[in-house]
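Shown next, in structure tokens, is the structure this report addresses.
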Amino acid sequence: MKFHLPTLLIVFAATIILASCSNHKKDIKPVSLHGKAQGTYYTIIYYDSLQRNFQPQIDSLLDAFDKSVSLWVNNSVISRVNRNDTSVKLDSNFIGNFKYSQLVSKETKGAFDMTVGPLVEVWGFGFENRENVTPKIVDSLLKIVGYKKIKIINGKVIKADPRMQIDFNAIAQGYSDDVVGDFLQSKGIKNYLVDIGGEVKAKGHKINGPWRVGVEKPAVDKTSQREVEIAVALKNKSLATSGNYRKYYVKNGKRYAHTINPHTGYPVQHSLLSVSVLADNTALADAYATAFMVMGFQKSKEFVLNHPGLEAFFIYSGKNGKFKTYATPGFKKIILKRIN
């Protein structure tokens, strides 16, 4: 499955640092799995005294996940819901993504919205070959956008307007981390790291310390090489990052980001370049990261400071155009070092 992501997922597997196990009394070597899912990579590392290979089961779980919430699978649950197929039976993956989406939408007053897909589409995937979007077009689409206009009642999706479409792309990748994590825990695995397309879930620790991942430094332009801004330690937490500095276009000297504001119907324009969200599960981290890119730096900062259980690291553009950063108190505690 290939998701078109309204967020830029930029915590990457290359920064995972594995330590040697040779000096550990049990000499348990990590099991490392690599594969493809949701149009991207996955890297899963865990410690198991039995050295079991769970890749077939994990691939099966991810395939079932695609068949539930992938817009790229014609007969998936979400595709059938979007076609108003009344015979479709909702499964746990769909319902879970739906409930978390509604939760974050309510908490952020609609900054996150799973119904924003028609607006994202009209502005164009990556804004290539985009049509000339007019206020009339935007206004017409805003009528079929709004998380309050869609519900699940008695196992059925009820829409205020049959033209409404659901898109879980801003949360599903994170949710799939949690699905794999739950599976590993059911097998007695207590120390693992799951990275699907840059969304990271960590439980326990490595043999000689915490799991370590990197957060990308904002790029000057779309073609710049990826560089690490900070390295962080993760234990029993999830981390998701969203950013606007690679997915944008410039028209008449004006920069249009790929994140669409569900309230206005237009691409956001503010100083926030990226945000990395730390949460108890990856679905929430993923969704809040998207919401914060809509809300902007100041509103997001205030939100995080008033919501226990969330921490964040913001990278934004200052008045002089230089990158500035802000880490909430809880996030500061996990920063191992600055790379630059």
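What the table shows:
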| read-out | value |
| --- | --- |
| All positions within segment 12-34 that are in a strand (DSSP E or B) and modelled with pLDDT under 95 | F12 |
| Matching residues, segment 184-195, being farther than 15 Å from V31 by Cα and touching a Leu at 6+ places or on another chain (Cβ under 8 Å) | none |
| Output for segment 71-98, where each listed residue is of a type in the set (A, V, I, L, M, F, W, C) and assigned to a helix (DSSP H, G or I) | V77, I78, V81, F94, I95, F98 |
| Test: L193 is closer than 26 Å to M295 by Cα and modelled with pLDDT of 95 or more | no |
| In segment 277-303, residue farthest from the chain's Cα centre (by Cα) [restricted to those that are without any contact (Cβ under 8 Å) to a residue 40 or more places away in the chain and surrounded by 24 or more Cβ atoms within 10 Å (Cβ to Cβ)] | S300 |
| Selected residue [in a loop (DSSP other than H, G, I, E, B) and either surrounded by fewer than 23 Cβ atoms within 10 Å (Cβ to Cβ) or at pLDDT 95 or above (or both)] from S224, S238 | S224 |
| Residue satisfying condition, being surrounded by 19 or more Cβ atoms within 10 Å (Cβ to Cβ), modelled with pLDDT under 90 and either in the same structural domain as T241 (by TED's automatic domain parsing) or charged (D, E, K, R) (or both), within set I315, I334 | I315 |
| Matching residues in segment 159-171 - criterion: being among the charged types (D, E, K, R) and buried (at least 21 other Cβ atoms within 10 Å of the Cβ) | D167 |
| Extreme residue, modelled with the highest pLDDT, among residues of segment 318-331 that are among the small types (G, A, S) and either in contact with a Lys or Arg (Cβ under 8 Å, 6 or more places away or on another chain) or exposed (fewer than 11 other Cβ atoms within 10 Å of the Cβ) (or both) | G318 |
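Let's see how each residue does on (1) buried (at least 23 other Cβ atoms within 10 Å of the Cβ); (2) out of contact with any strand residue (DSSP E or B) (no Cβ under 9 Å at 6 or more places or on another chain):
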| position | (1), (2) |
| --- | --- |
| K151 | no, no |
| Q173 | yes, no |
| F183 | no, yes |
| S186 | no, yes |
| V200 | yes, no |
| G204 | no, no |
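Rundown of residues vs (1) under 21 Å from N244 (Cα atoms); (2) touching a residue at least 40 places away in the same chain (Cβ under 8 Å), yes/no style:
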{"position": "V73", "(1), (2)": "no, yes"}
{"position": "R80", "(1), (2)": "no, no"}
{"position": "D85", "(1), (2)": "no, no"}
{"position": "L90", "(1), (2)": "no, yes"}
{"position": "A111", "(1), (2)": "yes, yes"}
{"position": "M114", "(1), (2)": "yes, yes"}
{"position": "G124", "(1), (2)": "yes, no"}
{"position": "S140", "(1), (2)": "no, no"}
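Residues checked against (1) in the same structural domain as L305 (by TED's automatic domain parsing); (2) at pLDDT 95 or above; (3) surrounded by fewer than 14 Cβ atoms within 10 Å (Cβ to Cβ):
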residue: Q51; (1), (2), (3): yes, yes, yes
residue: K67; (1), (2), (3): no, yes, no
residue: L71; (1), (2), (3): no, no, no
residue: V88; (1), (2), (3): no, yes, no
residue: F98; (1), (2), (3): no, yes, no
residue: E107; (1), (2), (3): no, yes, no
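The values are calculated or read from the model by the stated rules, or taken from the named source; none is laboratory data. Small disclaimer: the values here were computed from a predicted structure and weren't measured. Here the Cβ is made from the backbone with ideal geometry for all residues, glycine too, and neighbour counts use every protein chain on show.
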